[in-house]
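Colleague: Input: one structure, supplied below.
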Amino acid sequence: MTERIGIIGGGIVGIALARALAQAGIGEVTVFEKEHRLAAHQTGHNSGVVHAGLYYAEGSLKARLCVAGRSALREFCQEKNLPYREAGKLVVAVDESELPALAEIERRSRANGVPGLARLDGAARLREIEPHVAGVAAVHSPHTAVVDFAAITEALAQDVRAAGGTILLGQEVVSMAVAGSTVLVVAAGSEHVFDRVIACAGLQSDVVARLVGADPSPKILPFRGEYWSLSPERTDLVRGMIYPVPDPRFPFLGVHFTRGVYGDVHVGPNAVPALAREGYGWRAVSAKDTWESLRWPGAWPLAKKHWRMGVEEISASLVKTLYYRKARRFIPELAMADLTAKTAAGVRAQAWDRDGSLLDDFAVDQIGPVTLLRNAPSPAATSCLAIADHLVDRYLNVRRP
Ligand SMILES: Cc1cc2nc3c(=O)[nH]c(=O)nc-3n(C[C@H](O)[C@H](O)[C@H](O)COP(=O)(O)OP(=O)(O)OC[C@H]3O[C@@H](n4cnc5c(N)ncnc54)[C@H](O)[C@@H]3O)c2cc1C
């Protein structure tokens, strides 16, 4: 009998997984997406960067699946004629104090097999790549690229449908019950029976995990990232991507400049706690989400460890001058007026343990026939095709025809 497979989440990871299963003829695939369109949350609100694998700990899933995912995504975009521009990335040490952390990024990048990586020393070498940048040294990743992840998700979805899969929009999964070897799923008032279910629910991954009685930890801590734009007359300040040396204590990459696949340049994202899981501005507040975060046992250890950074990030979110100062370190010619109004924001689904630590790597749980992707932050969009293969091979244990 054909396997009946349900997937929760119509972001890039859920759809990539549905495609892998449907194209391999592994079963009858049905995707549930609670919004009325695909890519409505993280996938449609991000930096659009195809990472090359620079930052991630050697041997981690992030390192392996990012490198494999980048190549697979490039081939997919070529095959589907989707925009894919290898704009190249500079990770810049602005002064000598950042050189040890830059050396660690270089070491990790080489260990992870990042293609074409080069170390550049001296301001003149940096300016050959980015003529307006300031800094003492950098690593350059020429194959870091930019894409449109929402367009990629739509193209993946066309493949799902062409291979006989079903994608149901506007259908929130509100309950799941494991009964022997099957799973009963309720969405939009209808019941569906599956042999296995895989949840790729992003910002709701802990909520969905609780539906099948999984451990509430890790919980999702929503971190908003806000972007400013460079005014169209000043986009010449950036050719590709200019990134800071990230703070190793924090899982985010720091405010950067990215020339997007359509030629616009955005500056960001910062990282401020969001007051709602899907809260794209300071006015979006969910009392339930905020209360649940505050009473999580990890709240105080996390606040104690990162309060200084939190205050800095929140201040820079509210006061443009502070955000501007962060950005101007890399491009001294940047004027405050070159940053136009905040244009976009995304909310990161960052998994967070009971002890207050933020999970660094991708994480998966298995509860009987239900597979739960519990942490899939950046670079999960880059890695989507490789994550899909990893889930099929490692967790689903399905009979390949
Ligand atoms: C600001 C920001 C910048 C980023 N930049 C990059 C980048 O440059 N490069 C990169 O590779 N990654 C980046 N990322 C990370 C990347 O966007 C995510 O890792 C990736 O999109 C995760 O995909 P997903 O499918 O797991 O989650 P999502 O895209 O969030 O999709 C999950 C889906 O599940 C649905 N859902 C949830 N609960 C239910 C339910 N009960 N029933 C039905 N549907 C449900 C949601 O509506 C949602 O559509 C960034 C993220 C953010 C927020």
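Colleague: Defining a contact as two alpha carbons under 8 Å apart and six or more residues distant in sequence, what relative contact order in percent does the chain show? Walk me through the intermediate numbers first.
Modeller: Details: 878 pairs, mean separation 98.4, N = 401.
Contact order relative to length: 25 percent.
Colleague: Taking the mean number of other Cβ atoms within 10 Å as a proxy for protection, how do you rank 110-116, 346-352, 93-99 from highest to lowest?
Modeller: 346-352, 110-116, 93-99
Colleague: Quantify, in whole percent, the carbon and sulfur part of the accessible surface of the stretch 295-363 (1.4 Å probe; protein heavy atoms only). Mind dumping the intermediate values first?
Modeller: Values: 2240 of 3760 Å².
It is 60 percent, rounded to a whole number.
Colleague: Probe radius 1.4 Å, ligands and nucleic acids left out: which of D389, D338 has the largest accessible area, and how do the rest follow?
Modeller: Details: D389 80, D338 15 Å².
Descending order: D389, D338.
Colleague: Carbon and sulfur together cover what percent of the accessible area of the stretch 1-131 at a 1.4 Å probe radius?
Modeller: Working: 2520 of 5290 Å².
Carbon and sulfur together cover 48 percent of it.
Colleague: Once both labels are modelled 7 Å past Cα along the beta-carbon direction, what's the R125-D393 spacing in nm?
Modeller: The answer from the label model is 3.6 nm.
Colleague: Once amide H atoms are built 1.01 Å from N in the peptide plane, which residues 5 or more positions from V50, or in another chain, come under 5 Å H to H?
Modeller: Long-range HN contacts for V50: A145, V146, V147.
Colleague: Next up: Please list, by residue number, every one of the trypsin sites (Lys or Arg not before Pro) in the stretch 259-314 that is coil in DSSP and has at most 15 other beta-carbon atoms within 10 Å. Can you show the working numbers first?
Modeller: Values: sites: R259, R277, R283, K288, R295, K304, K305, R308; in loops: R277, R283, R295.
Hits after loop and neighbour filter: R283, R295.
Colleague: Which of the lysines could be linked to K288 by a straight reach, that is with a Cα gap under 29 Å, when you skip same-chain ones fewer than 8 residues away?
Modeller: Reachable lysines: K34, K219, K304, K305, K342.
Colleague: Quick check: residue separation of F250 and W282 times 0.36 nm, minus the Cα distance between them. What number comes out in nm? Show your work: numbers first, answer last.
Modeller: Values: separation 32, 0.36 × 32 = 11.52 nm, distance 2.20 nm.
Length gained between F250 and W282: 9.3 nm.
Colleague: With an 8 Å Cα cut-off and a minimum separation of 6 or more residues, compute the relative contact order for the stretch 102-220 in percent.
Modeller: Details: 112 pairs, mean separation 15.3, N = 119.
Across the stretch 102-220, relative contact order equals 13 percent.
Colleague: Would you work out the relative contact order for the stretch 158-279, in percent, from Cα pairs under 8 angstrom that are 6 or more residues apart?
Modeller: Numbers: 168 pairs, mean separation 22.7, N = 122.
Worked out over the stretch 158-279, it gives 19 percent.
Colleague: With a Förster radius of 45 Å, plug the Cβ-Cβ distance of M336 and E191 into 1/(1 + (r/R0)^6) and report the FRET value to the nearest 0.05.
Modeller: Values: r = 57 Å, r/R0 = 1.26.
In this case the efficiency is close to 0.20.
Colleague: Let me ask something else. Quick one: pull the percent of accessible area on the stretch 200-276 belonging to carbon and sulfur, 1.4 Å probe, ligands and nucleic acids left out.
Modeller: Details: 1360 of 2370 Å².
C and S atoms contribute 57 percent here.
Colleague: Also, quick follow-up: Spin-label point model (7 Å from Cα, Cβ direction): what's the A299 to D353 distance in nm?
Modeller: For the pair A299/D353, the computed spacing is 2.1 nm.
Colleague: In Å and whole numbers, how far do the C-alpha atoms of the chain stretch along each principal axis, longest first?
Modeller: For the chain, the Cα spread along each principal axis is 65, 47, 37 Å.
Colleague: Check cross-link reach from K89 to the lysines: straight Cα distance under 20 Å, and skip same-chain residues fewer than eight apart.
Modeller: The qualifying lysines are K62, K326.
Colleague: If you don't mind, another one. Can you give me the solvent accessible area of E58 with a 1.4 Å probe, rounded to the nearest 10 Å²?
Modeller: 110 Å²
Colleague: Here's something else I'd like to know. In whole Hz and in residue order, list the ³J(HN,Hα) couplings for the stretch 383-388 that follow from phi through the Karplus curve 6.51 cos²θ - 1.76 cosθ + 1.60, θ = phi - 60°; x for Gly and Pro.
Modeller: Calculated HN-Hα couplings, in order: 8, 3, 5, 6, 5, 4 Hz.
Colleague: A follow-up question, please. Can you check what the net charge comes to around A40, using other residues whose Cβ is under 11 Å from the Cβ of A40 (Lys, Arg +1; Asp, Glu -1)? Walk me through the numbers before you get to the answer.
Modeller: Values: positive: K34, R37; negative: E33, E35, E278.
That sum, taken over residues with Cβ under 11 Å, equals -1.
Colleague: Checking understanding here: applying a Kyte-Doolittle mean of at least -0.5 and a length along the axis of at least 24 Å (C-alpha), which whole DSSP H helices in the chain pass? Walk me through the intermediate numbers first.
Modeller: Working: long enough: 61-80 (27 Å, -0.21); 299-318 (25 Å, -0.22).
Qualifying helices: 61-80, 299-318.
Colleague: Under a 1.4 Å probe, what is the accessible area of the chain per residue, stated in Å²? Please report the intermediate quantities before stating the final value.
Modeller: On the way: 16570 Å² over 401 residues.
Ligands and nucleic acids excluded, the figure is 41 Å² per residue.
Colleague: Suppose the chain between V319 and Q78 were pulled fully straight at 0.36 nm per residue; how much longer would it get relative to their current alpha carbon spacing? Can you show the working numbers first?
Modeller: Values: separation 241, 0.36 × 241 = 86.76 nm, distance 4.16 nm.
Computed gain between V319 and Q78 is 82.6 nm.
Colleague: Say R0 is 35 Å: what FRET efficiency, to the nearest 0.05, do S181 and E35 get from their beta-carbon distance? Could you put the intermediate results ahead of the total?
Modeller: Numbers: r = 31 Å, r/R0 = 0.87.
Once the sixth-power term is evaluated, E becomes 0.70.
The values are calculated or read from the model by the stated rules, or taken from the named source; none is laboratory data. This is a predicted model, so every value here is computed, not measured. Here the Cβ is made from the backbone with ideal geometry for all residues, glycine too, and neighbour counts use every protein chain on show. The protein model used for the area step is the full one, side chains on, heavy atoms only, and it has no ligands, DNA or RNA in it. Shrake-Rupley method; radii C 1.70, N 1.55, O 1.52, S 1.80 Å.
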